[in-house]
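The values are calculated or read from the model by the stated rules, or taken from the named source; none is laboratory data. Note that the structure is a prediction, hence the values are computed from the model and not measured. Positions of Cβ are backbone-derived with ideal geometry, glycine not excepted, and every protein chain shown enters the neighbour counts.
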Amino acid sequence: MIKIKDKLFHLHNNNISYYIYCNSHGHLETIYFGEYLEDIGNIDAIRKADIDNDTTQYFDFSKNKEFTYPDHYRYSIESVEISTHGLRDKRGAPIILKKEDGTNVTDFRFVSYEILESLPTYEELPYARKNSSPCQTLRILLKDYLSDIYVYENISIFEDKDIIIKNFEIVNKGNIIVPILRANSMQLDLKDNQYKLHHFAGKWASERFEVVTDIKDGIQEVSSNTGRSSHEENPFVFLTKKDTSYDKGEVIGFNLIYSGNFSFRTFNNSFCNTHITYGINDEDFNWMLKPNEVFVTPQAVISYSQDGIDGMSINMHKFVKENIVNPLLDQKEKPILFNSWEGCYFDFTTESIISYIDDSLKIGSELFVLDDGWFGKRDNDESGLGDWFVNENKINLKKVVDHCTSKGMNFGIWFEPEMINPDSNLYREHPEYILTCKGMDQVSLYRHQLVLDFSSEEVVENIYQQMIKIIDSYDISYIKWDHNRMINEHFSFHHNKENQGEIYHRVILGYYTLIKKLTQRYPDILFEGCASGGGRFDLGTLFYYPQIWASDDTDPIQRMYIQYNTSLGYPLSTIGSHASANPITSYKTKALLALFGTYGYEMNPNKLNEKEISELSEVASIYKKYHHEVIANGTLYHLSSPQDSNAMSMCSVSKDKSKALVIYMNLLKEYKKTRFLKLRGLEKNKKYRNSFDNNIFTGDYYEKVGINLSRQYLPEFECQLFILEEVE
Ligand code: GLA
């Protein structure tokens, strides 16, 4: 996978090649990144920018004279692994250091390298897990020319998936503290500027709307500065070419194994290159790196494909399932979940919850989740966060849990560990536990809450102790972990003034510390991430939890966009989705959409009529029969995007290609009606019976002709499921 000849490194598998060359200045040049290329030939033909007769001038102070570089290396034009800063290169360096003399010239040059037969792992941060498939890491050590700061650049490659993982580890081998002003995880310079950038913008209850723009000359940025990966943008982005489709053409996907502020930045220059840097957002970032300490940047993930958007997406899904999500949790069959939130919000009693449990059984529920409102003084969202003890006046939790388990159901509960209401015992006892804005007369509230200072070990430990008291006292199988506001003010009482630029990152490290402790202590509990819906849908969270609630919008028409777009970067098995009481469409439609996610319910089950119970039970039995094999572990193909057609359609095919589930959701009644729905991913020569018209066709036929939808009328906003099974 990694070959080296004359300081030319070639990382490759059967499909991709990544060539890096260490030039005579000690700078790492990115010679080539793309489709597999066995013989790169004379690299000078690629690396020299043919301008100004190939010369680069410089002034040598010691000789008081002008020279040209002997090997014609052109700063600011050649593709490199780490651009310099404060020198010639103006495209944007991934790392910037502040020096003792006040300058911030940063220039990393080659020292040595090693090859590891594994992937780097970290104590404080989530990382890509090694599994049984072969992988290698090229670990290059570089030194800053004007200081004792060293950098390890790690680049990992897999044999069985077209994924590259990159990050930097910044090491202080000097004897003074060095401020790091920027600590991105990677740079990638592409020798082309004809790309489109796809990113996923949104807001609360309408996360991840796909936005596509041409990468234009100058700077473009996709970022979050809200203290979490955010509703506003997602760390998953990808690049396509003009002629790329779902099944053909070049696509480069990116993601970051991180849950906090990020910045994905492109810069196109006049020499037709695209310069990409990606990592922690440097806004409000200033890390004081002490002697002998290491700053580890989160790992960035690159998924490369020549097989269109689905090629990239399938690659990402495989990576997330095999190398991010804990494999034991990923492979556990998930129970059908019933969540109390949309059914009763804060308004419940022991008896009403018991009646919910009983009625949820009628629609196949296997796990009952009591959402917000069971703790502290919590009858609405104005108080109680921070007080993780049962509100005995409101609910007899023991009775509820016992009732639940006596019915053969598992029990789950909601926490929002990183937040605090000013109206709480914890705040009254510890007003210094919050993140604030020093010296200001006010601090912002969202949903009446403040953010706990998770950069402090004491605060994290306090919440940990409160949580384990509850978890140890009741039979709990599931925890929904919420995070209901962004982080605006970020002054910490627990750190010196010099270290206030570390708080955003330290808060995320605190989040990881707590979830790591809890998931290690309770390996059998199913954790689900949530942040006002899908405000923290990222690989950092998925490293600890196998699934994340996708959005607070459960109206299937809105949610269809959210789930479809989320599934471009994340496997369906990670996308928390429930059928709810939302009035616009039938329960069948809502449940079928939820089936293309983790599947569950969220409504008042006392109000379900016979027809609704039967519709939901029917989908529940499809879930039990097919979901684990065909959806959770299948291969997903995107057939029709709701953003640019009149329908949403996806097809998930089991690994052995013997079964497929196809969802088709109608947006408009007649206009531009789809006649034939062409499927993908089936075995060409296998024959399949489809549940739509009971016909048997070959995989080839389904791909080239498709299912004739005009044979049945599908009302507006309704949804259909086609089950395909192989026949002899
Ligand atoms: C957030 C979540 C919801 C629910 C409420 C409870 O909005 O996204 O699912 O848990 O909090 O307050």
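Structure notes:
- Sole residue being among the polar types (S, T, N, Q), within 16 Å of the ligand (Cβ to nearest atom) and part of a loop (DSSP other than H, G, I, E, B), chosen from Thr585, Thr554: Thr554
- From the options Phe67, Phe33, Phe110, residue that is in a strand (DSSP E or B) and over 34 Å from the mean Cα position of the chain (by Cα): Phe67
- Exclusive hit being at pLDDT 95 or above, surrounded by 20 or more Cβ atoms within 10 Å (Cβ to Cβ) and under 17 Å from the mean Cα position of the chain (by Cα), set Phe262, Phe295, Phe338: Phe262
- Listed conditions (1) more than 24 Å from Leu119 (Cα to Cα); (2) in contact with a strand residue (DSSP E or B) (Cβ under 7 Å, 6 or more places away or on another chain) are all met by Ala205, apart from (2).
- Test: Leu188 is within 28 Å of Asn286 (Cβ to Cβ) and at pLDDT 95 or above: yes
- Flag if Phe59 is part of a strand (DSSP E or B) and surrounded by 14 or more Cβ atoms within 10 Å (Cβ to Cβ): no
- Subset of the stretch 257-297 (residues that are in contact with a Gly (Cβ under 7 Å, 6 or more places away or on another chain) and within 19 Å of Leu568 (Cα to Cα)): Ile257, Tyr258, Ser259
- Some residue of the stretch 620-630 being farther than 22 Å from Glu210 by Cβ, basic (Lys, Arg) and free of Cβ contacts under 8 Å to residues at least 60 places away in the same chain: yes
- The strands (runs of 3 or more DSSP E) located wholly in the stretch 663-728 that include 3 or more residues which are over 23 Å from Gly597 (Cβ atoms) occupy 687-690, 696-698.
- Flag if Tyr446 is of a type in the set (Ser, Thr, Tyr) and either more than 16 Å from the ligand (Cβ to nearest atom) or touching a strand residue (DSSP E or B) at 6+ places or on another chain (Cβ under 9 Å) (or both): no
- When Ile525 is tested against (1) surrounded by 21 or more Cβ atoms within 10 Å (Cβ to Cβ); (2) touching a Phe, Trp or Tyr at 6+ places or on another chain (Cβ under 7 Å), only condition (1) is not met.
- The one condition in (1) more than 16 Å from the ligand (Cβ to nearest atom); (2) in a helix (DSSP H, G or I) that Gly343 fails to fulfil: (1)
- Residues being within 31 Å of the chain's Cα centre (by Cα) and assigned to a helix (DSSP H, G or I) - total across the stretch 588-619: 10
- Looking only at the stretch 180-228, residues that are of a type in the set (Val, Ile, Thr), assigned to a strand (DSSP E or B) and crowded, with 17+ Cβ neighbours inside 10 Å come to 2 in all.
- Against the numbered list (1) hydrophobic (A, V, I, L, M, F, W, C); (2) at pLDDT 95 or above; (3) surrounded by 21 or more Cβ atoms within 10 Å (Cβ to Cβ), Ala647 comes up short only at (2).
- Count of the stretch 346-363 residues which are more than 22 Å from Glu610 (Cβ to Cβ), charged (D, E, K, R) and away from the ligand (no atom under 15 Å from the Cβ): 1
- Qualifying residue in the stretch 149-161 (condition: touching a residue at least 24 places away in the same chain (Cβ under 8 Å), among the acidic types (Asp, Glu) and surrounded by fewer than 19 Cβ atoms within 10 Å (Cβ to Cβ)): yes
- Arg675 meets the conditions (1) modelled with pLDDT of 90 or more; (2) over 20 Å from Gly311 (Cα atoms); (3) in contact with a helix residue (DSSP H, G or I) (Cβ under 8 Å, 6 or more places away or on another chain) in every case but one. The failed one is (1).
- Flag for Val507 being within 16 Å of the ligand (Cβ to nearest atom) and under 24 Å from the mean Cα position of the chain (by Cα): no
- Any hit, the stretch 428-438, residues being at pLDDT below 95, more than 16 Å from the ligand (Cβ to nearest atom), among the acidic types (Asp, Glu) and not in a strand (DSSP E or B): no
Conditions tested, residue by residue: (1) more than 16 Å from the ligand (Cβ to nearest atom); (2) surrounded by fewer than 23 Cβ atoms within 10 Å (Cβ to Cβ).
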position: Leu450; (1), (2): no, no
position: Ile470; (1), (2): yes, yes
position: Tyr478; (1), (2): no, yes
position: Asn484; (1), (2): no, yes
position: His494; (1), (2): yes, yes
position: Gly529; (1), (2): no, no
position: Phe537; (1), (2): no, no
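- Ala93 meets the stated requirement of being in contact (Cβ under 8 Å) with a residue 60 or more places away in the chain, surrounded by 19 or more Cβ atoms within 10 Å (Cβ to Cβ) and part of a loop (DSSP other than H, G, I, E, B).
- A search for C-beta distances below 8 Å between a residue of the stretch 369-385 that is under 10 Å from Asn421 (Cα atoms) and any residue that is more than 9 Å from the ligand (Cβ to nearest atom) and of a type in the set (Val, Ile, Thr), counting only pairs 6+ apart in sequence or on different chains, returns Leu385/Ile420.
- Subset of the stretch 620-645 that is in contact with a strand residue (DSSP E or B) (Cβ under 8 Å, 6 or more places away or on another chain) and assigned to a helix (DSSP H, G or I) - its residue that is nearest to the ligand (Cβ to nearest atom): Ile631
- Hits in the stretch 388-410 - residues which are surrounded by 21 or more Cβ atoms within 10 Å (Cβ to Cβ) and within 16 Å of the ligand (Cβ to nearest atom): Trp388
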